[in-house]
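Notes follow the structure.
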Amino acid sequence: MLLRHRTPLLAFGLLWGAVVFAQTPPPKNTFARYLAECEKPAVEFFGVFLAEQKVGYMSSTCGFVDKGKTQLRMQSHMLMRVRVGGKEVSREVTQEEVYEAKPQGKLLHMTVLLKGDGGEQTLRGKRTNQGFEVVRERPGMPKDTLRPGEVLQTLEDANLPFLSFLQKAPLQGNQWDWTEFRGQGIETRMGKTQTRRVGGIPAHMQEIVLHLSKDKLNISYWFDEAGQLHEVELALGLRAVAQPEETAKTLDKVDLFGLVRVVLPKALSTKALQAPSVLNYTLKDFPQGLAVSLGRQTFGPLKDGLQNLRVEALLPPRPQANFPLKDPEAGKNLEATPQIESGLPAVLALAKKVVGKEKNAWAAAQKINRWVFQNMKKSYGASADTTQLILQQMKGDCTEHSLLAVSLLRSLGIPARRVNGLVYAPQVDDPVPALYWHQWVEVYVGLWVEMDPTFNEAVASSGHIALGRELETQMVQGFGQIHIVEVHPEKKER
């Protein structure tokens with residue numbers, strides 16, 4: 001139903017290669033020092049905290065593959081576990097990458113194992129003359145081969161914050177995400193120097209800030225003077241802390257809904273939410289990196305720590321356009337991806353069956369929205385992150401509902417994308433009025449319209465606050481940091 005803990009998973013997934021830092025005497029050459037960290041492999045463990053509750057752990061190690069030290073292997077493991085909707089839900093990711101052990105060493109091959117919430121799959125890739133080739137295996141489905149082309153990530157990019165610490169200088173590079181099959185530019189800068197406590201003992205620390213271009217996220221890495229990484233901060237409420245193995249693996253029993261919900265000052269009426277409606281939210285100390293202005297929501301000026309957010313839910317004006325439609329973003333919202341498998345014949349056949357002879361894009365979108373709501377079983381912990389897997393099991397929460405709806409829409413030539421944010425959901429079994437993390441759909445029918453296939457809303461209610469699109473990880477800045485002091489419907493002028 002509502003968004004799982006996939007956003008922190010995605011964000012921490014970006015850190016896999018950057019947590020192995022042994023304390024060895026630094027050679028004069030920084031790249032030699034960089035390689036020296038893998039001379040005597042040691043597994044480093046980090047506990048993952050969300051709003052000061054332990055929700056997971058990560059571990060990482062590296063070592064040379066051969067005696068000639070021509071190839072370097074980096075391995076990592078991550079486990080996240082919480083309770084969602086009364087169920088214990090976990091996600092486990094294991095990754096291995098092998099690079100040429102030389103400056104600008106290319107990635108030669110990789111393996112990624114995904115288990116638990118979000119579906120199970122194995123990715124095994126290798127470099128070929130035509131670029132990278134990845135074989136994907138999923139339970140109950142035939143193997144398929146994905147060809148993302150050239151993967152620009154190099155050995156230096158795999159640990160760019162550490163290399164930046166060694167060189168005491170900002171650096172630029174590239175990073176590849178194997179679950180999304182996309183790359184992005186990354187860059188570091190020297191941050192603050194600060195005395196921080198490690199095991200109760202003060203230690204002088206250097207901050208290295210890593211900026212992710214597409215994810216619009218800044219991540220802080222804190223190193224001591226010897227180059228040991230002690231803490232990684234993705235946001236005020238989300239961080240990873242170096243710990244002994246046994247401590248790192250000891251997790252709290254966390255109810256995710258209760259931990260990250262945004263409490264409202266009062267309950268909202270159904271009439272105040274449904275289209276046509278306008279709600280005004282007064283926000284306190286709102287993270288400005290999350291101030292997403294869409295056609296239906298606008299942020300007012302910030303004053304004395306307070307800011308107004310106006311959210312409007314209106315039916316689109318008539319007439320709307322027929323599909324297929326030209327994407328106003330140069331085709332990005334019509335693309336098939338390894339997750340949004342809109343190019344499959346089975347997906348197109350289903351979409352045509354659902355919409356029948358309808359040619360109007362808005363009417364077709366409503367049919368798809370309603371069909372997904374009626375035919376998908378609401379379920380946590382049995383989810384899937386690709387269109388084929390969703391069609392195979394036809395159950396999941398808001399992420400599966402949204403992904404399937406977007407896949408069906410794109411197959412017909414109707415531009416669509418996923419929206420991440422918060423939703424007012426009184427149907428959640430919680431006596432406290434609150435907003436919950438959620439995902440829904442934005443569809444282009446001549447203009448952009450938000451709709452929610454999880455709750456069967458042809459127009460997403462004004463209880464939806466968008467904080468990002470698709471799988472942008474900057475949403476982690478909002479965990480525990482969004483405070484709403486007032487909500488009131490906008491009075492209609494006579």
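Data table
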quantity	calculated
Filter on Lys54/Lys87; Lys143/Lys395; Lys168/Lys192; Lys353/Lys378; Lys357/Lys378 - keep pairs with C-alpha separation over 19 Å	Lys143/Lys395; Lys353/Lys378; Lys357/Lys378
Gyration tensor over alpha-carbon atoms, segment 290-372, equivalent ellipsoid semi-axes in Å	33, 17, 12
Principal semi-axes in Å for the chain [√(5λ), Cα gyration tensor, largest first]	40, 28, 20
Calculated over segment 378-426: convex hull of Cα atoms, volume per residue (Å³)	91 Å³
Crossing angle, helix 361-375 versus the chain [Cα axis fit, 0-90 degrees, rounded to tens]	70 degrees
Lys352 versus Val43: modelled label distance in nm, points set 7 Å from Cα along the beta carbon direction	5.2 nm
Quarter of Cα convex hull surface for segment 229-340, i.e. mean projection, nm²	13.4 nm²
Approximate spin-label separation Ala51-Ala321, in nm, with each point projected 7 Å along Cα-to-Cβ	4.1 nm
Leu264 - accessible surface, heavy atoms, 1.4 Å probe, Å² rounded to 10	10 Å²
Normalised alpha carbon radius of gyration of segment 334-423 [divisor 2.2 N^0.38 Å]	1.00
Space enclosed by the convex hull of the alpha-carbon atoms of segment 340-483, per residue, Å³	111 Å³
Ranking by accessible area, most exposed first, for Ile201, Ile219 with a 1.4 Å probe	Ile201, Ile219
Shape box of segment 118-230 [Cα atoms, principal axes, largest first, Å]	55, 29, 24
C-alpha long axis of helix 398-411 to longest principal axis of the chain, angle in °	70 degrees
Positive minus negative residues near Asn159 (Lys, Arg vs Asp, Glu; Cβ under 14 Å)	-3
Cβ-derived FRET efficiency at R0 30 Å, Lys253 paired with Thr195, nearest 0.05	0.35
Between 0 and 90°, nearest 10: helix 345-355 axis offset from the chain longest Cα axis	30 degrees
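The values are calculated or read from the model by the stated rules, or taken from the named source; none is laboratory data. Small disclaimer: the values here were computed from a predicted structure and weren't measured. No Cβ is skipped: glycine too gets one built from the backbone with ideal geometry, and neighbour counts run over all protein chains shown. For accessibility, only protein heavy atoms count, side chains too; no ligands or nucleic acids. Shrake-Rupley method; radii C 1.70, N 1.55, O 1.52, S 1.80 Å.
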